[in-house]
Amino acid sequence: MSGQNSDPMGELKRRAAEEAAAMVQDGMAVGLGTGSTAALMIDALGRRWADGLRFVGIPTSERSAEQARALGITLVDFSTHAQLDLAIDGADEVERGSLDLIKGLGGALLREKIVAAAARRFVVIVDEGKLVDHLGSRSPVPVEVTPFGWESTARQLGELGARVALRIKRDGELFVTDGGNLILDCTFGPIEDPRALEAAIGDIVGVIESGLFVHRTSEVIVAGRQGLTRLVAA
Ligand SMILES: O=C[C@H](O)[C@H](O)[C@H](O)COP(=O)(O)O
């Protein structure tokens, strides 16, 4: 079988990633997301870099930093670039209409949220399977917590109505974030008011950040069977 059309959705995601990468212009400071979709975008940026485009990147994970470095992309940090022109990332769920997100199934939510908050424009790339009517319909909300007292933090998250699971890797080891913290995956079911839930989670001592991204998205590029669609925040 020819490999060319064997993964049509993969090919569409690659096109969506290229479309997002095409938004980067010479001289920009760009947030580089994390995950399989963001990796396609970083690859596309690597090709543009090889063609002569020059920009600086702030990666949202050690994984993305390693990938970008291997492509020769110049990486900087917030000490020289406290504000970014653009950040591009994937997501685990995108709510139709609001374009609010759940992120963090890859464990990079804290740096991703800091980078998104520092960016003038935050562009998200997903396949159509990630679109939902209500956040929480399919994905848990990942919450990054301090290792000290995580059991107490988990209990309080449970009191908000979540089923809480400490994230464990396939090999049975604890999942530890780039910042040395733990992830509690909190299943709430469909979330009526993401803003209120984000605030309530953030109020719990021991919580560092949640994977709810509310009112942060500028645009979503969706790879679907009918092609690419661009959704813009109202
Ligand atoms: O922590 C991981 C990130 O939030 C990812 O952007 C998210 O999980 C989506 O990843 P993927 O593109 O691999 O589905």
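The values are calculated or read from the model by the stated rules, or taken from the named source; none is laboratory data. Note that the structure is a prediction, hence the values are computed from the model and not measured. FYI the Cβ positions are ideal-geometry reconstructions off the backbone, even for glycines, and counts take in every protein chain you see. Surface accessibility is based on the protein's heavy atoms, side chains included, excluding ligands, DNA and RNA. Shrake-Rupley method; radii C 1.70, N 1.55, O 1.52, S 1.80 Å.
Checked against (1) part of a loop (DSSP other than H, G, I, E, B); (2) under 23 Å from Cys186 (Cβ atoms), His81 meets all criteria but (2).
Within segment 46-65, the set of residues being of a type outside the set (Gly, Ala, Ser) and within 17 Å of the chain's Cα centre (by Cα) comprises Ile58, Pro59, Thr60, Glu62, Arg63. Checked against (1) among the aliphatic types (A, V, I, L, M); (2) out of contact with any Leu (no Cβ under 7 Å at 6 or more places or on another chain); (3) buried (at least 18 other Cβ atoms within 10 Å of the Cβ), Ile58 passes all but condition (2). Would it be correct to say that Gly10 is modelled with pLDDT under 95, open to solvent by 10 Å² or more (accessible area, probe 1.4 Å) and within 16 Å of the ligand (Cβ to nearest atom)? Yes: the conditions hold for Gly10. In segment 130-161, of all residues being open to solvent by 30 Å² or more (accessible area, probe 1.4 Å) and hydroxyl-bearing (Ser, Thr, Tyr), the one that is farthest from the chain's Cα centre (by Cα) corresponds to Ser152.
Considered as a group, the residues in segment 84-115 that are outside any helix (DSSP H, G or I) and basic (Lys, Arg) include one that is nearest to the ligand (Cβ to nearest atom), and that residue is Lys103.
Does any residue of segment 30-46 turn out to be within 16 Å of the ligand (Cβ to nearest atom), among the acidic types (Asp, Glu), assigned to a helix (DSSP H, G or I) and surrounded by fewer than 16 Cβ atoms within 10 Å (Cβ to Cβ)?
The first filter runs over segment 30-46 and keeps only residues within 16 Å of the ligand (Cβ to nearest atom), leaving 30-45.
Then keep just the ones that are among the acidic types (Asp, Glu); that gives 43.
The next check asks that each one be assigned to a helix (DSSP H, G or I); those that pass are 43.
Applying the additional criterion that residues be surrounded by fewer than 16 Cβ atoms within 10 Å (Cβ to Cβ) yields none.
No.
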